[in-house]
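As structure tokens, the structure follows; a few thoughts come after it.
The values are calculated or read from the model by the stated rules, or taken from the named source; none is laboratory data. All values reported here derive from a predicted model rather than from experimental measurement. Neighbour counts are summed over all protein chains in view; Cβ atoms, including those assigned to glycine, are modelled from backbone coordinates with ideal geometry.
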Ligand SMILES: NC(=O)c1ccc[n+]([C@@H]2O[C@H](COP(=O)([O-])OP(=O)(O)OC[C@H]3O[C@@H](n4cnc5c(N)ncnc54)[C@H](OP(=O)(O)O)[C@@H]3O)[C@@H](O)[C@H]2O)c1
């Protein structure tokens, strides 16, 4: 059973392997969603400045009956901020929005501002180091426990590892059946950087896929549970998003193993998935 399972990051911090994603849950609704999630057993939440719901997430956490120290909260810098002073301010602003004294994990959301992704070659190496310097200082100041990156390719990871003083604890990237960036995952693993799988349910697009349904039936689980088990067995932290209590419980209840042969088959699915996706 993965519901209470934690992993140890490269800085010795423990992190729950199943967390609730909160992208597209609005700031008013998210407070209740977090409280419901805590009630059914979630202890870790993933948000970002760019999701526009940090203050609601904070309210959900401090209105719950669980100790702050038992919750693991991740947020991410706004992608448009790539300078040292702006990063320092962004961290303080995030703490204000949460009304919390510290953030468990802070990530650089993307090496490039959203507006440049897939359009511009500039990887903002200097800007990401400015982000990182301010993030390292926030760790020393006790504002943040752990720092990491998201959407980073190998060259972006190298830039931080070769020039920063703290190694990123995680790289949060898209990983699900049909999308397994094996080389990048292996590269991070060799460096001791934990992979966090975002969109582990492919944003809901593959629930009608024929093969996913065949395997789900074989293991007597839902397509969502099959997809989560797949990522967990790859060693990832998973961040399934839902605002529905039944689905929250289902996503936490992963207590079966996919066989090695079936894992192999599912990893191979990536080539064909585009045509099979609905
Ligand atoms: N770092 C990044 O750049 C980045 C990018 C994307 C996402 N993320 C993070 O990753 C999280 C998850 O990714 P995501 O939001 O793209 O999507 P996802 O978790 O892959 O899929 C969410 C979709 O699956 C549905 N769903 C969830 N559990 C289900 C279940 N048991 N049965 C049936 N349907 C189910 C949800 O529906 P309902 O909501 O209706 O339940 C929703 O439509 C985000 O919330 C965010 O925290 C990070």
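Counting only strands (runs of 3 or more DSSP E) that sit completely within region 1-72, those holding 2 or more residues that are within 15 Å of the ligand (Cβ to nearest atom) and surrounded by 16 or more Cβ atoms within 10 Å (Cβ to Cβ) correspond to 14-16, 44-46. Residue under question is residue 152, and the condition is that it be outside any helix (DSSP H, G or I), out of contact with any strand residue (DSSP E or B) (no Cβ under 8 Å at 6 or more places or on another chain), within 26 Å of residue 24 (Cβ to Cβ) and within 13 Å of the ligand (Cβ to nearest atom); does it hold? For residue 152, the condition - outside any helix (DSSP H, G or I), out of contact with any strand residue (DSSP E or B) (no Cβ under 8 Å at 6 or more places or on another chain), within 26 Å of residue 24 (Cβ to Cβ) and within 13 Å of the ligand (Cβ to nearest atom) - is not met. Residues that are in contact with a helix residue (DSSP H, G or I) (Cβ under 8 Å, 6 or more places away or on another chain) and farther than 24 Å from residue 12 by Cβ within region 185-200 comprise just one, 200.
Of the helices (runs of 4 or more DSSP H) entirely within region 172-278, those holding at least 1 residues that are more than 30 Å from residue 39 (Cα to Cα) occupy 182-191, 210-218, 260-268, 273-276.
Yes/no per residue for (1) closer than 28 Å to residue 31 by Cα; (2) modelled with pLDDT under 95; (3) within 8 Å of the ligand (Cβ to nearest atom):
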{"position": "215", "(1), (2), (3)": "no, no, no"}
{"position": "221", "(1), (2), (3)": "no, no, no"}
{"position": "229", "(1), (2), (3)": "yes, no, no"}
{"position": "236", "(1), (2), (3)": "yes, no, no"}
{"position": "243", "(1), (2), (3)": "yes, no, yes"}
{"position": "259", "(1), (2), (3)": "no, no, no"}
{"position": "263", "(1), (2), (3)": "no, no, no"}
{"position": "268", "(1), (2), (3)": "no, yes, no"}
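Do any residues in region 207-224 that are closer than 13 Å to residue 266 by Cβ and in contact (Cβ under 8 Å) with a residue 12 or more places away in the chain have Cβ atoms under 6 Å from those of residues that are part of a loop (DSSP other than H, G, I, E, B) and more than 10 Å from the ligand (Cβ to nearest atom), where the two are at least six apart or on different chains, and which pairs are they? Correct list of pairs: 219/256.
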